[in-house]
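Please treat every number below as a calculation from the coordinates, not as lab data. Because the structure is a prediction, the values reported are computed rather than measured. Cβ atoms come from the backbone with ideal geometry, glycine included; neighbour counts cover every protein chain shown.
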Amino acid sequence: MTGHDRDRACPETSTAETALDEALRRSFWQRLHHDALPPMLALQIAAGAIGTLYRQLAEAHRGPGGCACGWEPDPDGDLIILEARLASAIIQSARHDLARMPAAGRA
Ligand SMILES: [Zn+2]
C-alpha cells in the first residue's frame, strides 16, 4: 500500500485529498451535464486527462531542474497503483459514495 491510504493519512493530507477529489468530481459532473456527453466517452476523456497529468508530473520530476520531493516516476508500477485505485472506486459501495458527496443545494 502507499502512504496515501485514506485510513492512515494525516489530517492535512486527508483534507487535501478530499478537496482535490471533490473539485475533480464537481468539474466532471458539470461538464457532463453541460455537454451531454455519452457516459463512456466522458469517462475515457477523464482517464486521458489523468494520464496527461501523470506524464506532466513525471516530466516535472526529471532532470537537474526537476522537483526535489523525492518521487521517482515509475510508469509501470504507478499504473498498477492507479488501476487498483480505479477498481476500488468502481466497486465501492454506493452508500459510502453518498456519505462523501457534498450537498448540492438546500432542502
Ligand atoms: Zn515532487
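Could you list all residues from segment 72-81 that are within 13 Å of the ligand (Cβ to nearest atom) and surrounded by 13 or more Cβ atoms within 10 Å (Cβ to Cβ)? It would help to see each step written out before you state the result.
So in segment 72-81, the residues within 13 Å of the ligand (Cβ to nearest atom) come out as 72-73.
Hit for segment 72-81 is Pro73, nothing else.
Of all the residues in segment 33-71, those that are farther than 21 Å from Leu82 by Cβ and away from the ligand (no atom under 16 Å from the Cβ) number 6.
Residues are listed down the side, and each one gets a yes or a no for (1) part of a helix (DSSP H, G or I); (2) under 13 Å from the mean Cα position of the chain (by Cα):
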site: Gly48; (1), (2): yes, yes
site: Tyr54; (1), (2): yes, yes
site: Glu59; (1), (2): yes, no
site: Arg62; (1), (2): no, no
site: Cys67; (1), (2): no, no
site: Pro73; (1), (2): no, no
site: Gly77; (1), (2): yes, no
site: Leu86; (1), (2): yes, yes
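Of all residues in segment 64-83, those that are under 19 Å from Thr52 (Cβ atoms) have Cβ atoms under 9 Å from Cβ atoms of residues that are within 12 Å of the ligand (Cβ to nearest atom) and in a loop (DSSP other than H, G, I, E, B), 6 or more apart or on another chain, in Cys67/His61; Trp71/His61; Pro73/His61; Pro73/Arg62.
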